[in-house]
Amino acid sequence: MKYFDKLAKLSNDRLVDVVKNYKRYGYPEQYRQAALDILESRGIPFEMLKLTGNLENQELKKAEDAYASFIANSRGAFVMYLLFWGASLALNDHEDWGVIVLTILFAVFYVFIIRSELDKRAIYTHTGRPYGTGSLILFSIAGIPFFPIVYLLIRKRLKKELYDLSC
C-alpha cells in the first residue's frame, strides 16, 4: 500500500487523529483504512476506537445530521409556503372554510420554520461557532413573501459552515 509506509512512521495519537478526521484533512477512505490497519497491528483494535469515540468525528457527524434535518424541515416549510399562496388564490371566494384551511397551512408552515431554526441552532452548536439570530430577524423583517430568498441564503451559509468544519 502506498499509504502504509507514510503512516507507519506516525505515532498512535496521530494515527487516531487521521482515523477520526480524515475528511478534514482531505484524505481518501483508503488512507483511513491504512491507519486503522496500522493501529490494529499495534494493539489498538477497531472496537476500542469505536468505544472511545475515536472512530469518527462525532461533532461533524452531528452537524451533518442536523443539516439533513434542516434541509428536510426547510423543504417542508417551502411546500407549505407554496400551498399557502396557492390556496389563498384558489379559496378567495370561500370565506368560511377558506380561512380555516389557510390558518392550518400557515400554522404548519411556522412549525416547519421553528423546527428548521432549531436545526440551524444545532448546527452552530456542533460546529462551535456562535449562533446568531440574524436569519430569524431577517425572516421577521422580510416576512413570508421573501421566504424562498431567505431560505436559499441560509442554506448556502450553513453548507459553507459544514464545509469549513470538515476541512
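The values are calculated or read from the model by the stated rules, or taken from the named source; none is laboratory data. Predicted model only: the values in this text are computed from it and were never measured. Please note: Cβ atoms are built from the backbone with ideal geometry, for glycine as well, and neighbour counts cover all protein chains shown. Side chains are part of the model used for accessible areas, which takes the heavy atoms of the whole protein and leaves out ligands, DNA and RNA. Shrake-Rupley method; radii C 1.70, N 1.55, O 1.52, S 1.80 Å.
Miscellaneous remarks
- If you sort Trp97, Trp85 by accessible surface, 1.4 Å probe, largest first, the order is Trp97, Trp85.
- Relative contact order of segment 8-124, defined on C-alpha pairs under 8 angstrom at six or more residues apart (%): 26 percent
- Using alpha-carbon coordinates, inclination of helix 58-90 to the longest axis of the chain, degrees: 20 degrees
- Of the whole protein surface, Leu102 contributes about 40 Å² of accessible area at a 1.4 Å probe radius.
- For Lys6, a cut-off of 23 angstrom between C-alpha atoms picks up these lysines, skipping any fewer than 8 places away in its own chain: Lys20, Lys23.
- Binning the C-alpha pair distances of segment 17-167 at 5 Å intervals from 0 yields a P(r) profile of 2, 9, 15, 15, 13, 11, 9, 8, 6, 5, 4, 3, 1, 1, 0, 0 %, listed from the shortest bin outward.
- Computed from the C-alpha gyration tensor, the three semi-axes of the ellipsoid equivalent to segment 30-103 are 55, 11, 6 Å, from longest to shortest.
- Segment 7-101, dipole about Cα centre (Lys/Arg Cβ +1, Asp/Glu Cβ -1), debye to the nearest 20: 700 debye
- Cα long-axis angle, helix 95-127 against the chain (0 to 90 degrees, to the nearest 10): 20 degrees
- For segment 1-151, carbon and sulfur atoms together expose 62% of the accessible surface, with a 1.4 angstrom probe and every protein chain in place.
- Between helix 147-166 and the chain: long-axis angle, C-alpha atoms, 0 to 90°, nearest 10: 10 degrees
- Only protein heavy atoms count here; on that basis, with a 1.4 Å probe, Thr52 has an accessible area of about 80 Å².
- Length added when fully stretched, Tyr163-Lys9, from 0.36 nm per residue minus Cα-Cα: 52.5 nm
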